[in-house]
1. Any idea which of I154, H55, A43 is furthest toward the positive side of the dipole for segment 2-188, if Lys and Arg beta-carbons carry +1 and Asp and Glu beta-carbons -1?
2. What are the ³J(HN,Hα) couplings of segment 100-107, residue after residue, when phi is run through the Karplus curve with 6.51, -1.76, 1.60 and θ = phi - 60°? Round to Hz, x for glycine and proline.
3. Can you give me the P(r) profile for the chain? Cα pairs, bins 5 angstrom wide beginning at 0, each as a whole percent.
4. Can you find, among H125, L74, A142, the residue sitting farthest towards the positive end of the charge dipole of the chain, where Lys and Arg contribute +1 and Asp and Glu -1 at Cβ?
5. Label points 7 Å out from Cα along the Cβ direction at H233 and I214: separation in nm?
6. Report, in whole Å, the centroid distance computed from the Cα atoms of segment 136-152 and segment 36-94.
7. Only four residue types carry charge here, +1 at the Cβ of Lys and Arg and -1 at the Cβ of Asp and Glu. Report the dipole size of the chain about the Cα centre in Debye, rounded to the nearest 20.
8. Taking only Cα atoms and a 10 Å spring cutoff, compute GNM fluctuations for the chain and point out the largest among T195, T122, T87.
Amino acid sequence: MCKGGILILNNLKLTSKNICKLAIEVGFDACGIAPIHRLNDDAHYMDDWVARGLHGDMTYLERNCDKRYDPSLLVPGGKTMVVCLLTYEHSGRDYHRRVKSLLYALEAKLKEVFGVNVVSDTHQHIFCDSAPVLERRWCVEAGLGFIGKNHQFIHPELGSMVHPGEMVLNMSIEEDVCLKEVPHNAACADCNRCTEVCPTGALRSEVWDARQCIAYVTHHCLQCQIVCPYNNH
Ligand code: SF4
Ligand code: SF4
């Protein structure tokens, strides 16, 4: 039944709160929802960043830009981004596999409760570090946290050591208290621990230069996350 634009099946409304509840039930640590739209500010910033060569060897950022900035081009008909987080602690060695398996479990539940049309049957709509999706930005759009001075997404309670996974839904969602339950007052404020500890000075540059960051080059640096108070509750 569709009442006032809201899908109601099995006495459950397709609301952000109900989706979050199902996401936690399948094993995610947090979940948020955002209406899909083109990320104009990010598009402007990234086009300039890439044009200046600051993305280093991440040449994939030069491709699929339109889809990266607007997920409705990646998944035609996509209206809502569901963003789920899994902590490093719960994701095991192969986080792609774990996050995707939980997303498929969530998809199965959503289809069971709200019908199969809740997702596309022709386009891939589940992602984890595997498609042109601006994951950190969507984490913020979904109300899950903020991007810190260390350029990491930070959830106020789980910290930055989290793996995001996304699912694009074909339906619009009624906003409800789920989004507002996430504390929004978190931020770096006058903390500078990460900029001080960074061995290369990468976090002190006015514009982020991936070529200066050891993690982007060798994947072996977590210092700016280890010192962050949000990872040391
Ligand atoms: S990962 Fe290491 S090199 Fe990169 S910004 Fe953080 S502390 Fe600096
Ligand atoms: S260490 Fe401090 S400044 Fe850096 S991201 Fe964490 S809270 Fe923000």
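Every number in this text was worked out from the coordinates using simple rules, so none of it is lab data. Source: prediction; values computed, not measured. Every residue, glycine among them, receives a Cβ derived from its backbone with ideal geometry; neighbour counts consider all protein chains shown.
1. So the residue we want is I154.
2. Working through the residues one at a time gives 5, 5, 5, 5, 5, 5, 5, 4 Hz.
3. Spelled out per bin, shortest first, that is 1, 6, 13, 17, 19, 17, 12, 7, 4, 2, 1, 0.
4. H125
5. 2.8
6. 12
7. 340
8. Taking springs between Cα atoms under 10 Å, the residue moving most is T122.
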